[in-house]
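For reference, the structure discussed in these notes is given below.
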Amino acid sequence: MQNKLIYLIISFLGLQVQADLQSFVNSKTNIIIPSTKIDNISYSNIDNLSSKECSVCHYNIYKQWTNSMHAKSTALKDPIHGLFYGMVVGSPKVEGIKTGNDKDKYPVCLECHSPAAAKEKKTKLNAKNSFSEGVNCIACHSLTKYKRIKNQNDRVKLGIKAYKYSSHQIQGPNGTNKKHKRFGEGGVANNPGLFKTSKACLGCHNQRNNSKKVPLCQTGGEIISAGGSTTCQSCHMPVIEGISNHTMIGGHSVEMVSKGLVMTINAKEASNMLYISVNATNLLPHNFPTGAPFRNFYITVTAQDYNDNILWQSSKTHPMIDDKKAMFMYIIGNDNNKTTSPSKATKILGDTRLKPNETRILNYKIPSNDVSIVTAKAYYDLLLVPMKNKFSSKLPKHLLDSKEIAKAIIIIR
């Protein structure tokens, strides 16, 4: 009887293990494993090659790219760009849209934000994968030469128009004839003079003017004026284990932005007064912030007593209103010297952003009574306050929130 009981227990445990194993196997069917299957389709023209084709062999790089703003560059995927695109151009899902006073011009935005569509002069961005992918693999890896953004007549040519490109051979920093046989002429053209320099980026990130010739995005010009030999890739595409990172983080990453700013604080007490100085230094080879003209940052200073009660603040509302020296922004406006949107601006009203390697000092004088600690904080915004208020119902909250990017503290007593 005892032997039979032991046998039944062992049998039951065996069945349970088998059931658990089967459950485990079944659960594994839900795990997504990148495909390594290569089809037999050949592409003589690579202009509309989807990045999904590249993922077959370059899956890790593909995954990095899918998390980049390049992959989200179109009006279909970038909420801020999509908002302004809809206001100025129209729907990104409609073919044949024209802009300009006479409605006869192809939308210049697409020259940078969807190069594949721009090559065909199409505006319906959901018509092809290559259109909706924005700045995809081929958008960059078909470029052969940077022509600069201005031609002989000083007219600005942006995005794909700033380059010569190949429709038949993939380009890269290290050429090879052993792979990519299905794409164009096969192999990869050796082009380090473009891909290992900032020339690969300047066509889109140099300078963008509105129709009134007011500079909007102007990172490239800022870098050139600062001099030096730092390339865009050294910061935005660092080499990790021999491969350039294709996440290409920039102005939408708090972690990336915070690396560009160093902030320190000093305080001296004299005659019952506290003299506070906050130093903000831009470590970058371009202005801080840079890119879209409505990106900005501001600094607040707070004095507290030993119990953390606030005794004094540099700004009770927002520095843009009551402490303008602590507001770092690019200011554009109309002929009446009133601030306006980028598309309607006719002039530059001011520019308080930090220049490359510049240190700005903010000075404050406050009563020293009971002050125990003084804290300075820097906050970064993708949009200016009036724009955030105006579009608060049309944009995701995470794009509207101010992000802390630096903090400095000094103990008084």
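The values are calculated or read from the model by the stated rules, or taken from the named source; none is laboratory data. The structure displayed is predicted, hence computed values, not measured ones. In this analysis, Cβ positions are derived from the backbone assuming ideal geometry, glycine residues included, and neighbour counts consider all displayed protein chains. All accessible areas refer to the heavy atoms of the entire protein, side chains included, with ligands and DNA or RNA removed. Shrake-Rupley method; radii C 1.70, N 1.55, O 1.52, S 1.80 Å.
Filtering region 315-336 down to residues that are surrounded by 13 or more Cβ atoms within 10 Å (Cβ to Cβ) and assigned to a loop (DSSP other than H, G, I, E, B), which residue is modelled with the lowest pLDDT? If we take residues in region 315-336 being surrounded by 13 or more Cβ atoms within 10 Å (Cβ to Cβ) and assigned to a loop (DSSP other than H, G, I, E, B), then N334 is modelled with the lowest pLDDT. Exactly one of (1) in a loop (DSSP other than H, G, I, E, B); (2) loosely packed, with under 15 Cβ neighbours inside 10 Å is unmet by P285. Its number? Answer for P285: the failing condition is (2). Of the strands (runs of 3 or more DSSP E) entirely within region 120-193, those holding at least 3 residues that are in contact (Cβ under 8 Å) with a residue 12 or more places away in the chain and more than 26 Å from K103 (Cα to Cα) occupy 143-146, 170-172, 188-190.
Looking at P79, P92, just one residue is open to solvent by less than 60 Å² (accessible area, probe 1.4 Å), more than 30 Å from N174 (Cα to Cα) and out of contact with any Pro (no Cβ under 7 Å at 6 or more places or on another chain), and that residue is P92. Taken as a whole, region 198-218 holds no residue that is within 18 Å of the chain's Cα centre (by Cα), farther than 30 Å from T99 by Cβ and either buried (at least 21 other Cβ atoms within 10 Å of the Cβ) or not hydroxyl-bearing (S, T, Y) (or both).
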